[in-house]
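Below is one structure, written out as structure tokens, with a few remarks after it.
The values are calculated or read from the model by the stated rules, or taken from the named source; none is laboratory data. If you're wondering where the values come from, they're calculated on a predicted model, not measured in any experiment. Note that we place each Cβ from the backbone using ideal geometry, even for glycine, and neighbour counts take in every protein chain shown.
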Amino acid sequence: MDIDQAIRERHTVRIYKKTPLPAEICKQLNERIKAINEGLDVFMSLVTNDYSALSTAVRITFSKNVNNYIVLSGKNESDLEEKLGYGGADIMLYAQTLGLNSWWVSGTYNKGNAREKGGIPGSNLIKGIIIIGYGENNGTPHKSKSTIDVSSYSGNPPFWFVRGVGTALLAPTAMNRQAFLIKGSGDKVSITYDKGPCSGLDLGIIKYHFEVGAGRENFSYE
Ligand SMILES: Cc1cc2nc3c(=O)[nH]c(=O)nc-3n(C[C@H](O)[C@H](O)[C@H](O)COP(=O)(O)O)c2cc1C
């Protein structure tokens, strides 16, 4: 499965099997995380066999066997959220290609425990965790806005633009807000996200998905 296929198969999963992550899978995830951290200058960290980063209320109500997660952190800079959204999308979808399921949590988690277990430097900000594991199911597609709600193109939109918008609509967003606007003109694209909780993370996630769907070679950002 490649990343494009992973986008089409991924949905949030909150109920997991007890099955631990095999050592080889952890190795592959850690290699990818290292490359993301170096490329984007962020600090993401894989934690396995630990449930303490999810808030107790959530853990005992609507989730099961949450035992592995990736802590999303980095230096206190203005574009940190967008970079973590972009890098987080990459590791979430890479995990899907390895046969794992995922759940992005930026609200109901225990930041102190995530910091301690993830070995996050005290000066870093933490912007959420991505839970991963073997799901009891593969989740279900989210309720989605339509192309005209989230995009506009001056003139006849080319295939790559339409495909990019369709792919962005499959992305996870906080509270499923899908509050993005993708504008195109010729081979120029701009993507914005309405202000609100996690809007920086969501912007990075949407950019990542649009790029996979549209093909990075077909456009440049304004
Ligand atoms: C940045 C971000 C933060 C999220 N935070 C939470 C959260 O705190 N709790 C939760 O249950 N789900 C959270 N989610 C999951 C979303 O509710 C979910 O992605 C959305 O409803 C779309 O569904 P899908 O992931 O199945 O496509 C978050 C998702 C994103 C992208």
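Looking only at residues in the range 114-132 that are within 23 Å of Leu93 (Cβ to Cβ) and among the small types (Gly, Ala, Ser), the one that is farthest from the ligand (Cβ to nearest atom) is Gly118.
The residue pairs whose first member lies in the range 1-17 and is more than 16 Å from the ligand (Cβ to nearest atom), whose second member is among the acidic types (Asp, Glu), and whose beta carbons are closer than 8 Å, counting only pairs six or more residues apart or on different chains, are Met1/Glu9; Lys17/Glu136. Could you please let me know if Lys75 is of a type in the set (Lys, Arg), buried (at least 22 other Cβ atoms within 10 Å of the Cβ) and away from the ligand (no atom under 12 Å from the Cβ)? Criteria not met by Lys75.
Taken across the range 110-124, residues that are in contact with a Ser or Thr (Cβ under 7 Å, 6 or more places away or on another chain), of a type outside the set (A, V, I, L, M, F, W, C) and without any contact (Cβ under 8 Å) to a residue 60 or more places away in the chain do occur, with at least one present.
Determine whether Asn67 is part of a loop (DSSP other than H, G, I, E, B), in contact (Cβ under 8 Å) with a residue 12 or more places away in the chain and touching an Asp or Glu at 6+ places or on another chain (Cβ under 7 Å). The answer is yes for Asn67.
Annotation note: of Ser102, Ser78, Ser73, Ser106, the sole residue that is touching a Cys at 6+ places or on another chain (Cβ under 7 Å) and assigned by TED's automatic domain parsing to the domain that holds Leu46 is Ser106.
Residues that are within 16 Å of the ligand (Cβ to nearest atom) and within 17 Å of the chain's Cα centre (by Cα) number at least 2 in the following strands (runs of 3 or more DSSP E) confined to the range 133-220: 188-193. How many residues are polar (S, T, N, Q) and more than 15 Å from the ligand (Cβ to nearest atom) when one looks only at the range 42-72? The number of residues fulfilling the criteria is 7.
The number of residues in the range 150-181 being among the charged types (D, E, K, R) and either assigned by TED's automatic domain parsing to the domain that holds Ser106 or within 17 Å of Gly204 (Cα to Cα) (or both) comes to 1. Taking the criterion of being in contact (Cβ under 8 Å) with a residue 40 or more places away in the chain, small (Gly, Ala, Ser), in contact with a helix residue (DSSP H, G or I) (Cβ under 6 Å, 6 or more places away or on another chain) and buried (at least 21 other Cβ atoms within 10 Å of the Cβ), would at least one residue in the range 158-167 satisfy it? Yes, some residue in the range 158-167 is in contact (Cβ under 8 Å) with a residue 40 or more places away in the chain, small (Gly, Ala, Ser), in contact with a helix residue (DSSP H, G or I) (Cβ under 6 Å, 6 or more places away or on another chain) and buried (at least 21 other Cβ atoms within 10 Å of the Cβ).
Under the condition of being assigned to a loop (DSSP other than H, G, I, E, B), at pLDDT 95 or above and out of contact with any helix residue (DSSP H, G or I) (no Cβ under 7 Å at 6 or more places or on another chain), which residue from the range 79-109 is surrounded by the fewest Cβ atoms within 10 Å (Cβ to Cβ)? The selected residue is Gly99. Return the residue satisfying two criteria in turn: it lies in the range 93-113 and is more than 9 Å from the ligand (Cβ to nearest atom) and under 19 Å from Ile36 (Cα atoms), and of such residues it is farthest from the chain's Cα centre (by Cα). For the range 93-113, the residue satisfying everything is Leu98.
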